[in-house]
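The values are calculated or read from the model by the stated rules, or taken from the named source; none is laboratory data. Quick caveat, the model's predicted, so the values are computed rather than measured. Every residue, glycine among them, receives a Cβ derived from its backbone with ideal geometry; neighbour counts consider all protein chains shown. Each accessible area value is taken on the protein alone, full model and side chains, heavy atoms only, with ligands, DNA and RNA left out. Shrake-Rupley method; radii C 1.70, N 1.55, O 1.52, S 1.80 Å.
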Amino acid sequence: MIAPLATELGVRRLLVAAGEAPSVLNTQPWRFRVVRREYVELYADQDRRLTVLDPRGRSLHVSCGAALLNMRLAIRQAGYHPLVWLRPSPDAQPDLLAAIRLRQTEPARTRERELYAAIPARRTNREPYTGDPVPPDLMADMKIAASREGAALIFLSREAVSSMLEYVAMAEDELAHSLDYLAELTKWSLPDYVRGPMPVDDPPLTRALGKRDRMAEFEARPQLAVLTTPGDRAADWLRAGQALERVLLVATAGGLATSFLNQPLDVRDMRRHTDPRHRRGHPQMIIRFGYGPPVGRAPRRQAHDTTI
């Protein structure tokens, strides 16, 4: 079996899969380097770092972790196993986030093929959802997916959702009054077709990503979950990104739509705060699940633009 790094086509397949990952404000802050056709290095692209919204680099690491998970799945499709070292040289090369060496092994399992097939179908869907509940077995599958990457996915009760939405509304209001944040948001503005409509009522169930020409009524009982990690350091953020993408791909394969309500976490990051360790871990992502209409894909960088 031909190794994925042995040909230009094989490398491109890995880069395209990685590049489909979600990222904060669609910055896609990753770069890759193929070394001697033997292994791949993942680097943070500091030119795409959000200096106002993400001064600690947490969201950058989560985004790059999601790209890493996609590359791992692409490697498995070729019958190889990805051996991953997170932050192999943090002092000498702080932007080197991971090194991935390939070892030939058995063909991809059915579930791995299903998740890989979901990569191009996954979208951040900021449209209203139907309000139909997520089936318990699918919720369980997503919890297992997070745990496989060293994270936990905690679905919120109805009361906890109400409290979370209040935090989201307060954080959204604070962000709306930050001129530096608004300038950065304008720099990385998303196309109109992926921003979603403006909600008719409070609280907001999507982030205000700029001017929106449509208004719509969103689901009355949103279904939210928080992704947590045991720690809150760079390696934990990379694990959170891998867990996030695995959860999102399980959701996509199960017919779910997903979006994010990370405004409270963003405000925390902008203040350069780190939460004390919670009983159930450090929150890294706030995810909205449901059933929504088809939406377009946000623009993606060309594969050759993400290589060093």
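Quick notes on this structure:
- Residue tally, condition more than 10 Å from residue 100 (Cα to Cα) and either part of a strand (DSSP E or B) or open to solvent by 20 Å² or more (accessible area, probe 1.4 Å) (or both), over region 72-87: 4
- Subset of region 286-307 (residues that are under 16 Å from the mean Cα position of the chain (by Cα), of a type outside the set (D, E, K, R) and surrounded by 14 or more Cβ atoms within 10 Å (Cβ to Cβ)): 286, 287, 289, 298
- When residues of region 154-169 are limited to those that are open to solvent by 40 Å² or more (accessible area, probe 1.4 Å) and without any contact (Cβ under 8 Å) to a residue 40 or more places away in the chain, the one farthest from the chain's Cα centre (by Cα): 159
- Total residues in region 128-153 satisfying the condition of being β-branched (Val, Ile, Thr) and either in contact with a Lys or Arg (Cβ under 6 Å, 6 or more places away or on another chain) or open to solvent by 40 Å² or more (accessible area, probe 1.4 Å) (or both): the figure is 2.
- Residue list for region 184-210, filter: among the acidic types (Asp, Glu) and either crowded, with 16+ Cβ neighbours inside 10 Å or in contact (Cβ under 8 Å) with a residue 60 or more places away in the chain (or both): 184
- Residues of region 27-40 that turn out to be within 24 Å of the chain's Cα centre (by Cα) and either buried (at least 20 other Cβ atoms within 10 Å of the Cβ) or in a loop (DSSP other than H, G, I, E, B) (or both), as a count: 7
- Residue 46, sole failed condition from (1) surrounded by fewer than 20 Cβ atoms within 10 Å (Cβ to Cβ); (2) farther than 21 Å from residue 235 by Cβ: (2)
- Residue satisfying condition, being out of contact with any Phe, Trp or Tyr (no Cβ under 9 Å at 6 or more places or on another chain) and either part of a strand (DSSP E or B) or open to solvent by 30 Å² or more (accessible area, probe 1.4 Å) (or both), within set 213, 269: 213
- Of the criteria (1) of a type in the set (S, T, N, Q); (2) open to solvent by 50 Å² or more (accessible area, probe 1.4 Å); (3) touching a Gly at 6+ places or on another chain (Cβ under 7 Å), which one residue 125 fails: (2)
- Checked against the criterion of being more than 18 Å from residue 284 (Cβ to Cβ), assigned to a helix (DSSP H, G or I), in contact (Cβ under 8 Å) with a residue 24 or more places away in the chain and open to solvent by less than 10 Å² (accessible area, probe 1.4 Å), the candidates 67, 17 yield just one match: 17.
- Being part of a helix (DSSP H, G or I) and either in contact with a His (Cβ under 6 Å, 6 or more places away or on another chain) or open to solvent by 10 Å² or more (accessible area, probe 1.4 Å) (or both) holds for only one residue in 11, 62, and it is 11.
- Within region 215-249, the set of residues being out of contact with any Lys or Arg (no Cβ under 6 Å at 6 or more places or on another chain), touching a residue at least 24 places away in the same chain (Cβ under 8 Å) and more than 29 Å from residue 56 (Cα to Cα) comprises 216, 217, 218, 219, 220, 221.
- So residue 181, is it over 24 Å from residue 294 (Cα atoms), aromatic (Phe, Trp, Tyr), touching a residue at least 12 places away in the same chain (Cβ under 8 Å) and open to solvent by less than 20 Å² (accessible area, probe 1.4 Å): yes
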